[in-house]
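Right, one structure below, let's go through it.
The values are calculated or read from the model by the stated rules, or taken from the named source; none is laboratory data. As the structure is a computational prediction, the values presented were derived from the model and not from experiment. Glycine also receives a Cβ, built like all others from the backbone with ideal geometry; neighbour counts cover every protein chain displayed. Surface accessibility is based on the protein's heavy atoms, side chains included, excluding ligands, DNA and RNA. Shrake-Rupley method; radii C 1.70, N 1.55, O 1.52, S 1.80 Å.
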Amino acid sequence: MTRPAKAQLPPGQNQLTRVEKHTIYQIPLDQRHGQARHLFTLWFGANMNVLTVVTGALATTVFRQSFLSGVTAILIGNLVGTVFMALHAAQGPRLGVPQMVQSRGQFGAKGAAFVVALVIFMYAGYAATALVTGSQSLHAILPGIDERAGLLAIGLVSLGAAIYGHDLIHFCTRMMTYVSGSAVLLCYVWVIFIHPLPATFVTQGSFSSVGFFSMVSMGALWQLAYAPYVSDYSRYLPPDSGPRQAFWSCYWGTTLGAVLPMIFGALIGPAVVDGDVVAALSRLTGGASTAIVLLFAPGVAIAGAICFYGGSLAIITLAQTFFANWRATARARAVITTGMFLTALLIGLEGASNFLTLYSQFNELLLYLLIPWTAVNLVDYYLVRFGNYDVPSFFAFDGGVYGKYNIPALVCYALGIVVQIPFIATDLYTGPIARAVGGVDLSWIVGLLFVSPVYYLAARDRPTTVIVAERTG
C-alpha cells in the first residue's frame with residue numbers, strides 16, 4: 001500500500017481562503033493532512049461555549065441537585081459517554097468518509113436513511129439551541145440588541161464558517177480553545193476569588209437518585225450526541241495517523257472541554273431565574289460579564305457552524321440515497337447549509353421563550369434514538385468487520401456488498417428503542433420499571449447493554465467483505 005504524503009501544515013492553515021470542495025465522498029489520499037492531536041483542540045474548543053454552561057446548570061436547576069452531587073453526575077456522565085463518542089474517531093482516518101455515510105455499511109443503503117434523517121433533525125435542534133444561547137448572551141450584555149437580531153447575527157457567522165467547511169472549522173475551534181477557554185477561566189476566577197459566591201450556592205439542593213441519574217444521562221448524551229459528527233472532522237487525517245491517538249485526543253479534548261463549563265453551570269444554578277442561565281451568568285460576574293460573554297460569543301457561533309456543516313453532509317447523504325447519480329458539489333453544499341440555517345433560525349425564534357425546558361426534553365428524545373445506532377455502529381466496526389469496509393459500496397444505489405437493507409441491524413435498532421421504553425422517565429412519559437425504581441431513567445444503559453451483544457450474535461456469522469478501499473480520486 002502506498003503511504004499518502006502528509007501536508008506540511010495542520011488543518012486550518014492550508015485552505016482557509018478556499019471553500020472546501022469535498023462533500024460526502026472519500027477524501028483522496030494525496031489530500032489527507034493533519035495529525036490526530038489536532039482533534040484535541042477541535043473538541044475542546046467546540047465545547048467551550050455558553051450552551052455547555054447551560055447544560056451543566058440543569059444539574060442544580062431542573063434536576064435540583066446539590067452542587068457536589070451535580071458535579072459528580074456531570075463527571076460520571078461525561079467520562080462514560082465520551083468512550084463511545086471517541087471510539088468513532090478512528091473510523092474517519094481509515095475510511096475517509098463522513099460518519100453517516102459509514103452507516104450504510106451497517107444498515108444498508110436504504111436502511112440507513114431513517115438514522116440519517118434522525119441525525120438531520122438532531123443537527124437542526126442543536127444548531128437552534130446554539131443560536132438561542134448566543135442571542136441571549138448578546139442581549140444580556142447589550143440590552144439594545146434585540147434577541148432576534150442577535151440570533152440572526154450569530155447564525156450568519158455560523159453559516160459563513162460552515163460554508164467554508166472543514167479546515168476553517170478546525171482553525172476556529174483551535175482559536176476557541178484559547179478565546180472561550182479564557183472566558184471559562186475568568187468565570188471561575190471571578191466567582192471564587194474576586195466576588196465569591198454566597199456559601200449557600202454550594203449547599204443548596206440535595207441528592208436525589210432521580211435527579212442524579214438524570215444528570216448522568218444528560219452528561220452522557222452530551223457526548224453521545226457527538227457520535228454522528230466525529231468522522232466528519234477526522235476523515236481528512238492520513239490513514240496511518242493512529243486509532244489510539246485519535247481516540248485519546250477526542251476523549252480528553254471533549255471531556256475536559258465539556259466538564260469545565262458544565263461544572264461552572266452547576267455552580268451558578270441557584271441564581272438562575274425563569275431558566276435564563278445567561279442572565280444569571282451576567283449578574284454574578286458583574287464588571288467582567290461583558291468581557292466573558294464577548295469571549296464566549298464566538299464559541300457559540302462555531303458550535304452552530306459545526307451543526308450546519310454536519311447537517312449539510314447528512315442531508316446530502318440522505319438525498320444521495322435516493323438519487324445515486326447526483327454528485328453534490330461545494331455549491332450544492334452551500335445551498336443546503338443555508339437551508340439548515342433558515343430551519344434552525346425558525347426553531348430558535350419559536351422556542352426561545354421556553355428554552356431550558358424544551359432543551360431538556362429534546363436531549364431526552366435524542367438519547368433514546370441514538371443509543372441503538374451507536375451500539376450497532378461500534379460493534380459492527382470493531383467486533384464484526386474490524387474496520388474493513390468496501391467504501392465504493394457506500395455510494396452504490398443497490399448498496400453494493402451491503403445491500404439495500406441489513407435486516408439484523410435494523411431489527412436490533414428497533415428492539416433497542418423498544419427495550420428502553422419501560423425504563424424511560426420523563427415529564428411526558430414514565431415507564432413501569434422506571435416508576436418501580438423511583439423514577440430513575442436507566443433506559444440508555446439498558447439500550448447499550450441489550451443492543452451490543454444481540455447485534456454481535458446476529459452479525460458475527462454473516463459474510464463480510466474484508467476490503468479497505470483507499471482510492472486516490
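Within segment 269-280, the presence of a residue that is over 21 Å from HIS33 (Cβ atoms), within 19 Å of the chain's Cα centre (by Cα) and of a type outside the set (A, V, I, L, M) is excluded.
Does GLY134 satisfy being open to solvent by less than 10 Å² (accessible area, probe 1.4 Å) and in contact (Cβ under 8 Å) with a residue 12 or more places away in the chain? Yes, satisfied. Looking across segment 215-239 at every residue that is assigned to a helix (DSSP H, G or I) and within 19 Å of HIS170 (Cβ to Cβ), the one that is nearest to the chain's Cα centre (by Cα) is identified as VAL230.
No other residue among THR72, THR61, THR41 is touching a Lys or Arg at 6+ places or on another chain (Cβ under 7 Å) and open to solvent by 10 Å² or more (accessible area, probe 1.4 Å) apart from THR41. Evaluated against (1) open to solvent by 30 Å² or more (accessible area, probe 1.4 Å); (2) within 15 Å of the chain's Cα centre (by Cα), ARG94 falls short on exactly one condition, (2).
Just to be sure, is ALA271 open to solvent by 10 Å² or more (accessible area, probe 1.4 Å), under 26 Å from MET215 (Cβ atoms), hydrophobic (A, V, I, L, M, F, W, C) and touching a residue at least 24 places away in the same chain (Cβ under 8 Å)? Taking the combined requirement at face value, the residue satisfies it.
None of THR290, THR337, THR321 is part of a helix (DSSP H, G or I), open to solvent by 20 Å² or more (accessible area, probe 1.4 Å), in contact (Cβ under 8 Å) with a residue 12 or more places away in the chain and β-branched (Val, Ile, Thr) except THR290. Among (1) surrounded by fewer than 22 Cβ atoms within 10 Å (Cβ to Cβ); (2) more than 26 Å from PRO372 (Cβ to Cβ), where does VAL210 come up short? VAL210 satisfies every listed condition except (2). Would you pick out the residues in segment 167-188 that are surrounded by fewer than 21 Cβ atoms within 10 Å (Cβ to Cβ) and farther than 11 Å from PHE264 by Cβ? Matches in segment 167-188: ARG174, MET175, TYR178, VAL179, SER182. For the criterion of being part of a loop (DSSP other than H, G, I, E, B) and open to solvent by 10 Å² or more (accessible area, probe 1.4 Å), PRO198 passes.
For segment 142-164, the criterion of being closer than 20 Å to ILE263 by Cβ and in contact with a Leu (Cβ under 9 Å, 6 or more places away or on another chain) is met by no residue. State all residues of segment 403-450 that are in contact with a Leu (Cβ under 7 Å, 6 or more places away or on another chain), open to solvent by less than 30 Å² (accessible area, probe 1.4 Å) and farther than 18 Å from GLY219 by Cα; if no residue qualifies, say none. Passing the criteria: none in range.
Residue count for segment 374-390 under the criterion of being of a type outside the set (D, E, K, R), crowded, with 16+ Cβ neighbours inside 10 Å and assigned to a loop (DSSP other than H, G, I, E, B): the result is 2. The helices (runs of 4 or more DSSP H) found entirely in segment 67-112 that carry 2 or more residues being over 23 Å from PRO261 (Cα atoms) are 91-95, 99-107. One residue stands out among those in segment 330-383 that are of a type in the set (A, V, I, L, M), under 23 Å from ALA89 (Cα atoms) and at pLDDT 80 or above: the one that is nearest to the chain's Cα centre (by Cα), which is LEU370. Just one of the numbered conditions (1) within 20 Å of SER231 (Cα to Cα); (2) outside any helix (DSSP H, G or I) is not true of PRO143: (1).
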